[in-house]
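First, the structure itself, so that you have it in front of you.
The values are calculated or read from the model by the stated rules, or taken from the named source; none is laboratory data. Computed from a predicted model, the values in this text were never measured in an experiment. Positions of Cβ are generated from backbone atoms using ideal geometry, with glycine treated the same way; all protein chains shown enter the neighbour counts.
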Amino acid sequence: MAETKYIGKTIPSKEGARHATGRGLYTDDFTLPGMLHAVILRSPHAHARILKVDPQAAREPPGVFTVVTPEEIEKKTHPFKPGRYAAGLKKAIPEYAGAIGKVRYVGEPVAALAARTRGAAEDALELISVEYEPLPAVVDTAEAMRPTAPLLFEELGSNLAWKGSLHYGDVAAAFNQADKVVREHLKIHRYSSTPLEPFACIASFDAASKKLTVWVNAQVPEVIYDALREALGLEDVRVIIPDIGGGFGQKIHLIRKYVVLISLLAIESGRPVKWTEDRSEHMMAAGHSCAQEFDVEAAVKNDGTVLGLKFKEIDDVGGSISTLTIHFTNKLNNLSNTYRTKNIFLEGCSVVTNKCPVIPNRGIGKPGMCFIWERMMDRIAQELDLSPIEVRSINLVQPEEMPYTTPSGNIYDSGDYPALLKRALEKIGYEKLKAEQRREREQGRLLGIGVVIGVEPGGRNAARDMAIFPEMKESPGSGGVNGATIKIEKNGTVTLFLGSPNCGQSHETTTAQVAADILGVDPEHISTSTPFDSDLAPWGVAAANSGNNFHLYDIGAVHGAASRLREKILTLAAHVLNAKSEELAINAGVVQATGSPLKKISFAELGKIAYGNQALMPKGFEAGLQATFYYTFPHGEPNLVPGPEGLVRAQFTFSAGAHVAVVEVDKETGKVHVLRYLIVGDNGAVINPQVVNGQIYGSAAHGISVALGEGFVYNSDGQLLTLTLTDYGKSSTMETPRIEVEHRPSPSPFTTLGQKAAGEGAAIPSPAAIASAVEDALRPLGVRVRELPLSPEAVWKLMQEAVR
Amino acid sequence: MIPASFEYYSPTTLKEALDFLSSREDVKILAGGQSLVPLMKLRLAKPRTIVDLSRIPDLNYIREQGSRIVLGSMTTYEQIETSALLQAKCPLLPQTAAVVGDVQVRNQGTIGGSLAHADPAGDMPAAILTLAAEMKAIGPNGERWIRAEDFFVGLLTSALEPDEILTEVRVPALNGAKTAYLKAAQRAAGFAVVGVAVCLRLDQNGSCNNLAIGVTGVGDKVYRAEAVEKILLGKRLDANFIEQAAREVTRGVDVIEDINGSKEYRSHLAGVYTVRAVKAAMQA
Ligand SMILES: Cc1cc2nc3c(=O)[nH]c(=O)nc-3n(C[C@H](O)[C@H](O)[C@H](O)COP(=O)(O)OP(=O)(O)OC[C@H]3O[C@@H](n4cnc5c(N)ncnc54)[C@H](O)[C@@H]3O)c2cc1C
């Protein structure tokens, strides 16, 4: 593209005004004629056998139309196919949309009911009587793995539902050659992203045509599409995805259960049915990130070089087998982080417990992987008496090594990690801060500076899990595909059909900027068709508001479609203007022959011809002004599909960021105040700086909040104690520091415009940055930070233990 | 998220309201709704009848009455926070009201509702106890005054009878006493993990000749830290001395434990906040 008028600039968000002024259309905003309202009966027990469900009394009140019980769910639906997320499952265990026979976590759906109003539905729900035989709850992974522990899934014979390992390079040799082995035990807790809008769905079934239409705020249309077809045995399914009030991974997976249940109610009642989850339901049953524990060993040289890394991971995956290994397999995405270490061994254990199932949440296992590396870097520095900056620096992949192939087969497209680190230290004034820290320590103030670095992988490769599970029967596919369609209407305006839904990340703005530059129109004149509609959208497997897919697949597809359409416009215009298409330029929706001021034609005039005037079209010209393009990553080889060594491109682009956190710990209360938070990031060529910054602010705020205390807490009976936002403890804007951002882009040589990902990035290193800063603050006490969250009480306890 | 169905009354006189209270089954008074409505939405409370006080005139005022200030029970946190009269004559109330929840909660929540709800982590109860305020309750048998020390009975339980309405709160005008309210707030909602209200006077020599310390969030109800008060009273309040005395803040109290703090941590925080609140009051 010759010039970029819009790409790279902050233009006002196209959808922002709609969202901010209450004009967005979310699933709950839709009403269909005769629509019923559904509610879900959920398990009050963490672990129990369902002895009997008696819905009779609930069927009686006026206004109640349909109740579905476990018996009916088992009879009228099929279990989900164990998909990619259940990779590693030893034995097929049928998983239905509702609990059958047993409940395994508080909040697990047991029955569902539809009535004329939501109030009537909630009243009637209390009348369903369920007889449970409570079983002992398993809430701790160590307990769960004892041979005598009660089993969640008897069929598996153990709560250790999966165990496996991977080996890259020569780990034994690395440990033999080491001057020292540094060991650590690390932990990350359960949390979520608590999107503003919980799950919502409307199902409408046309019995005559057997077509099921659902409106749902799902991030990945394919999950819903497949789930409905599998569970309900339907062929014709239409998935409409309106505005979404935040996704972050929460709305990828477990939401499918509810769409099936609500669709079953719609089929049974013959009426459209709406369901909107409430906050407490979301907290208990919509999915949590996985609590992870790591036993880590690093083989190091005295200069800090890390020759090898070994870690054993225990994942507390909760009460379902359908997302067994995702937090482990995602470690492949950033397995070596920004470092050159060649020899890595990793072992994973997935343990089922009586807690909410885990789901993909902003980065999935990647924050954990970054936490491992960055905690170890600090620990190595301590043990070798080196500076933490030195240890990181000596291990960084160098810019001249790019593109760099990691030991597990990732190919880092571009990046200058030493420069990111250097600039971050410069910008924060590291040396000055260190001096201030020394002075203040003498006054008794506990100041800490945490410096970390991390990659942010982008663009999913569907074949990744075959590296760990070569025996996978059904290939999960490979690479990714997504499309876009772009169209000039008869009146000259431009309409864009995206291949994936949008959770509020300004996709309409960013894609319009790309299309605008290619087509030579103002982004103002491009409108994006919403909602996403599976009947119309050119979507493929990568049509996912997840996996950091947008920058790669959606931008690639829009770029391809717009370029195709440009060709078409020029062909038609050249013919009409009697010019050569090479002589033509497009500006503000007008095609103009260079050097001939009178030879010009507008999109509106071209539209009239393309849709209605055959005589003016060139011979062989396909009428209409529309183009569709399906994008696949053109540089997917090598390692697109894992070979026998397990080498795989887990993701395709690699953003990176150096984070610096400056904190003060209140030595009396343990409360951590974040004084400064700086990110120097490489998100490749940035299409809209404000949009990208928005992603960075949000994901950093989340990671910081996670590190400082937001999270789920269960008691020993498996009851969730954090059922509301009051208890969950998310940081509000009041507690969130200002996030300082500087961009130092290294454009990707592989992507359409040099772009890379931005959606998860800051959530990956930020928990580690806070841990590092808090440990640094508490250094005078000799405290080691091994666990998140660092709530005031947790920090106070660390200080107490150190003093003792 | 939708309350169980209930009958709703919105009387315009106190008498009418009292009649509803004594003639209906299972009645709940509705003031600002900031505690009651969330409980109803979660169906943890399912009253059959709601009597809304908002249309009864003259339950919302802040007035000087001799050496006292009186507040109608429907006075909101926001009104207390911004009252010039209270800021001048009883600053502890605005200091406390200002740190309750968020703006919406303060616009809506009332002093009467806060006291009647008797939340063990409520901010206003700590201030009211510290001020030795008195509450006026009107019931079928007429009115009675309840002293703050008798008002908070236990976990979410006040001395009000089910058929009584709290109508007025009476606090002394402080004429120069120094006050402070500080709390260690939970993330997000801002409820007190520990909150300490202090009201004190120092004589010319800098000795403390008047002291009240009210503590919230620590026990199953708000309480006065009498052990601490006893130690400090009549003494000069130097930093070490305050710190020593503050260790007694949980003496005789069964310290609660929840996700926001273990017994141990809460006890420690209570000490820290006692020191901070006493010092803040001295500097007020
Ligand atoms: C998000 C959020 C944050 C909050 N944060 C805080 C905080 O930081 N600190 C804090 O202290 N509180 C906090 N609260 C609670 C808040 O202070 C409540 O407003 C207060 O507890 C109740 O006052 P209300 O007027 O809303 O009463 P309501 O909710 O209407 O009533 C509460 C109870 O008192 C009874 N009642 C009300 N008025 C009378 C009366 N005149 N006579 C007899 N009985 C009566 C009702 O029947 C009910 O049982 C928070 C609430 C929310 C929703």
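Return the residues of segment B:154-173 that are under 21 Å from B:V100 (Cβ atoms), away from the ligand (no atom under 14 Å from the Cβ) and surrounded by fewer than 20 Cβ atoms within 10 Å (Cβ to Cβ); say none if nothing qualifies.
B:R170
Considering only segment B:9-42, state which residues are out of contact with any helix residue (DSSP H, G or I) (no Cβ under 8 Å at 6 or more places or on another chain) and within 14 Å of chain A (Cβ to nearest Cβ).
Result: B:V37, B:P38, B:L39, B:M40, B:K41.
Taking segment B:185-204 as the search range and keeping residues that are surrounded by fewer than 24 Cβ atoms within 10 Å (Cβ to Cβ) and in a strand (DSSP E or B), which one is nearest to the other protein chains (Cβ to nearest Cβ)?
Only one residue tops the list, namely B:A185.
Given the options A:K310, A:K366, A:K355, name the one that is surrounded by fewer than 24 Cβ atoms within 10 Å (Cβ to Cβ) and of a type outside the set (D, E).
Testing whether each residue is surrounded by fewer than 24 Cβ atoms within 10 Å (Cβ to Cβ) and of a type outside the set (D, E) leaves just A:K310.
For B:V99, state whether it is in a strand (DSSP E or B), touching a residue at least 60 places away in the same chain (Cβ under 8 Å) and surrounded by fewer than 20 Cβ atoms within 10 Å (Cβ to Cβ).
The answer is no for B:V99.
Still on this model: Would you call B:V255 under 23 Å from A:L798 (Cβ atoms), touching a residue at least 24 places away in the same chain (Cβ under 8 Å) and more than 13 Å from every other protein chain (Cβ to nearest Cβ)?
Yes.
Going through segment A:297-306 one residue at a time, which ones are on the phi < 0 side of the Ramachandran plot, more than 31 Å from the chain's Cα centre (by Cα) and surrounded by 19 or more Cβ atoms within 10 Å (Cβ to Cβ)?
If the condition is that a residue be on the phi < 0 side of the Ramachandran plot, more than 31 Å from the chain's Cα centre (by Cα) and surrounded by 19 or more Cβ atoms within 10 Å (Cβ to Cβ), then A:A299, A:V300 are the ones that fit.
I'd like the full set of residues that are under 21 Å from B:E16 (Cα atoms) and within 11 Å of the ligand (Cβ to nearest atom), limited to segment B:61-91.
B:G72, B:S73, B:M74, B:T75 - these are the residues of segment B:61-91 that are under 21 Å from B:E16 (Cα atoms) and within 11 Å of the ligand (Cβ to nearest atom).
If you don't mind, there's one more thing I want to ask. Within segment B:130-141, track down each residue that is modelled with pLDDT of 95 or more and farther than 15 Å from B:A17 by Cβ.
Passing the criteria: B:T130, B:L131, B:A132, B:A133, B:E134, B:M135.
For segment A:714-736, name all the residues that are within 23 Å of the chain's Cα centre (by Cα) and either more than 12 Å from chain B (Cβ to nearest Cβ) or in a loop (DSSP other than H, G, I, E, B) (or both).
Residues satisfying the conditions are A:T722, A:L723, A:T724, A:G729, A:K730, A:S731, A:S732, A:T736.
This table checks each residue for (1) among the basic types (K, R); (2) out of contact with any Cys (no Cβ under 8 Å at 6 or more places or on another chain); (3) assigned by TED's automatic domain parsing to the domain that holds A:I586; (4) over 30 Å from A:P642 (Cα atoms).
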residue	(1), (2), (3), (4)
A:E471	no, yes, no, no
A:E474	no, yes, no, no
A:G499	no, yes, yes, no
A:H507	no, yes, yes, yes
A:T510	no, yes, yes, yes
A:V514	no, yes, yes, yes
A:D517	no, yes, yes, yes
A:G520	no, yes, yes, yes
A:P523	no, yes, yes, yes
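What pairs come out if I take residues in segment A:18-35 that are closer than 13 Å to A:I244 by Cα and pair them with residues that are assigned to a helix (DSSP H, G or I) whose C-beta lies under 8 Å away, six or more apart or interchain?
Listed pairs, sorted by first residue: A:R23/A:A17; A:G24/A:R18.
In segment B:117-147, what residues are crowded, with 24+ Cβ neighbours inside 10 Å, of a type outside the set (D, E) and either part of a helix (DSSP H, G or I) or within 13 Å of the ligand (Cβ to nearest atom) (or both)?
Selection gives B:G122, B:M124, B:P125, B:A126, B:A127, B:I128, B:L129, B:T130, B:M135.
How many residues are part of a helix (DSSP H, G or I) and within 14 Å of another protein chain (Cβ to nearest Cβ) when one looks only at segment A:771-804?
The qualifying residues number 11.
Now for a different question. Please specify each residue of segment A:112-155 satisfying the condition of being among the hydrophobic types (A, V, I, L, M, F, W, C) and within 14 Å of chain B (Cβ to nearest Cβ).
A:L113, A:A115, A:A120, A:A121, A:A124, A:L125, A:L127
Let me ask something additional. Quick one: which residue in A:L584, A:L598, A:L640, A:L616 is buried (at least 17 other Cβ atoms within 10 Å of the Cβ) and farther than 30 Å from A:A757 by Cβ?
The unique qualifying residue is A:L584.
Considering only segment A:32-52, I want to know if a residue exists there that is on the phi > 0 side of the Ramachandran plot and modelled with pLDDT under 95.
Checking segment A:32-52: not a single residue is on the phi > 0 side of the Ramachandran plot and modelled with pLDDT under 95.
Which one is nearest to the other protein chains (Cβ to nearest Cβ), of the residues in segment B:96-112 that are near the ligand (Cβ under 8 Å from one of its atoms) and polar (S, T, N, Q)?
B:Q104
To continue, here is another question. Collect the residues in segment A:370-405 that are in a loop (DSSP other than H, G, I, E, B) and closer than 25 Å to A:P638 by Cα, keeping them in residue-number order.
Of everything in segment A:370-405, those that are in a loop (DSSP other than H, G, I, E, B) and closer than 25 Å to A:P638 by Cα turn out to be A:V397, A:Q398, A:M402, A:P403.
Take B:K46 and tell me if it is over 23 Å from B:A127 (Cα atoms), modelled with pLDDT of 95 or more and within 10 Å of the ligand (Cβ to nearest atom).
no
Please go through segment B:1-36 and pick out each residue that is near the ligand (Cβ under 8 Å from one of its atoms) and either assigned to a loop (DSSP other than H, G, I, E, B) or without any contact (Cβ under 8 Å) to a residue 24 or more places away in the chain (or both).
Within segment B:1-36, B:K28, B:A31, B:G32, B:G33, B:Q34, B:S35 qualify.
If A:V686 meets every condition in (1) assigned to a helix (DSSP H, G or I); (2) surrounded by 18 or more Cβ atoms within 10 Å (Cβ to Cβ); (3) at pLDDT 95 or above apart from one, which number is that one?
In the conditions (1) assigned to a helix (DSSP H, G or I); (2) surrounded by 18 or more Cβ atoms within 10 Å (Cβ to Cβ); (3) at pLDDT 95 or above, A:V686 misses (1) alone.
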